[in-house]
């Protein structure tokens with residue numbers, strides 16, 4: 001990974017798993033990380049770990065399945081940090097009844113909302129900020 005000093009990275013689904021690992025990796029390379037997820041406690045724990053290792057981390061909780069959350073978080077990041085350079089669009093959901101024998105339309109809607117719609121909401125919120133600053137990945 002390249003040196004990311006001064007870069008601003010927004011990581012969704014940052015409280016556990018791949019999101020947590022991405023936050024730790026990006027912070028270790030010098031990026032300031034903004035952690036988003038539905039549950040504040042895991043996000044706070046990741047932020048404490050990042051800071052204990054010398055990095056910068058901020059928490060912005062929110063349910064990204066709601067269309068209004070991503071623009072709110074993106075605006076808060078832009079206001080506090082000036083821009084967004086990196087989006088790790090990792091937030092997602094899973095359902096208990098996911099085998100083909102058990103899957104129902106409401107479960108399908110939940111997965112699509114949590115894994116597809118939320119990703120689009122984040123891209124739509126971040127893209128204008130990245131275009132204006134001529135950065136981003």
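Each value in this text was obtained by applying a stated rule to the coordinates, not by laboratory testing. In this text, all values refer to a predicted model and were calculated from it rather than measured experimentally. Positions of Cβ are generated from backbone atoms using ideal geometry, with glycine treated the same way; all protein chains shown enter the neighbour counts.
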*asked:* Take residue 103 and residue 115, extend 7 Å from each Cα along the Cα→Cβ direction, and tell me the distance between the two endpoints in nm.
replied: 0.8
*Angle between the chain longest axis and helix 40-52 axis [Cα atoms, degrees, rounded to 10]*: 30
*Calculated from DSSP H runs of 4 or more alone, at -39500 (n - 2.57) each and per residue, what is the 222 nm mean residue ellipticity of the chain, nearest 500?*
-14000 deg cm²/dmol
_Using only Cα atoms and rounding to the nearest 10 degrees, what angle (0 to 90) does helix 118-133 make with the longest principal axis of the chain?_
20
*Can you check how the C-alpha radius of gyration of the chain compares to 2.2 N^0.38 Å, as a plain ratio?*
1.07
*Any idea what angle helix 69-81 forms with the longest principal axis of the chain, computed on alpha-carbon atoms, 0 to 90 degrees, nearest 10?*
10
*asked:* Please list, short to long, the whole-number percent of alpha-carbon pairs of the range 70-114 in consecutive 5 angstrom bins beginning at zero.
replied: 5, 17, 20, 14, 10, 11, 11, 8, 5, 1
_When 1/r is averaged over all different Cα pairs and the result inverted, which Kirkwood radius in Å belongs to the range 17-57?_
9.8
